[in-house]
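This report concerns only the one structure given below.
The values are calculated or read from the model by the stated rules, or taken from the named source; none is laboratory data. Computed from a predicted model, the values in this text were never measured in an experiment. Because the Cβ atoms are built from the backbone with ideal geometry, glycine has one as well, and the counts that use them run over all protein chains shown.
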Amino acid sequence: MANNLIISVQDKTAGAITEPVTAQEVKDYLRLEGFTAVGGTELAYTDDDALIGIIIKAVREKFEKICRLTLTATRTKEAVITNQCGMIELPHGPVLEITAALDEDGNDIESECVLVGNMWKHLKEPLYDNMTITYTAGYGTIGLELLPSEIKLDMLRACAYYYMHRGDDPAVQTFINTLANKYTRNVWLA
């Protein structure tokens, strides 16, 4: 019986990841303002920058796990898949391009790969078992202009909620899960 299956997906990105929202955007959303120093000079509010950075990363990771999306500009993903029927959707898109493909014996099959679709690309061919496909995923190489505004706004809302509800409040996870579930991609696995 022929089938399609995503066996595993790993993030193979090297180096720093550009987060989809910035610390300044979170501070603006929270309306965290600077303060006036002695002498009337306005100083930027930087006391919680490290904490806000941790919150941004945690929110992005949670959204990506729930949504099965890559919310950063670009990242390298590696998926082991079986594509016996063809047209399997590559997980954790949007997919920009395939950079390498190997069959289960380690032979290069990149030239055989045929992608179909725009943001949510499907692998039409080849029809092999246990292929390792390496690809670039994310919302663009020029920055994050293509990240849907609705997702970005909900990520800011999630960051604000984390910031305002610190501690072990279980409502934090419920709130973030509710926000992220709206964008879930239903693919075979991953």
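Could you please find all residues in region 44-64 being surrounded by fewer than 16 Cβ atoms within 10 Å (Cβ to Cβ) and over 15 Å from residue 154 (Cβ atoms)?
Those that are surrounded by fewer than 16 Cβ atoms within 10 Å (Cβ to Cβ) and over 15 Å from residue 154 (Cβ atoms): 44, 45, 46, 47, 49, 50, 51, 53, 54, 57.
If I ask for residues that are basic (Lys, Arg) and surrounded by 23 or more Cβ atoms within 10 Å (Cβ to Cβ), which ones from region 67-98 would you list?
77
Of the residues that sit in region 13-39 and are part of a loop (DSSP other than H, G, I, E, B) and at pLDDT 90 or above, which one is surrounded by the fewest Cβ atoms within 10 Å (Cβ to Cβ)?
The extreme case among them is 22.
Looking only at region 124-137, which residues are farther than 17 Å from residue 107 by Cα and either modelled with pLDDT of 95 or more or in a loop (DSSP other than H, G, I, E, B) (or both)?
Matches in region 124-137: 124 only.
Looking at 87, 155, 131 in this structure, which one is of a type in the set (A, V, I, L, M, F, W, C), farther than 17 Å from residue 68 by Cα and either in contact with a Ser or Thr (Cβ under 7 Å, 6 or more places away or on another chain) or in contact (Cβ under 8 Å) with a residue 60 or more places away in the chain (or both)?
Testing whether each residue is of a type in the set (A, V, I, L, M, F, W, C), farther than 17 Å from residue 68 by Cα and either in contact with a Ser or Thr (Cβ under 7 Å, 6 or more places away or on another chain) or in contact (Cβ under 8 Å) with a residue 60 or more places away in the chain (or both) leaves just 87.
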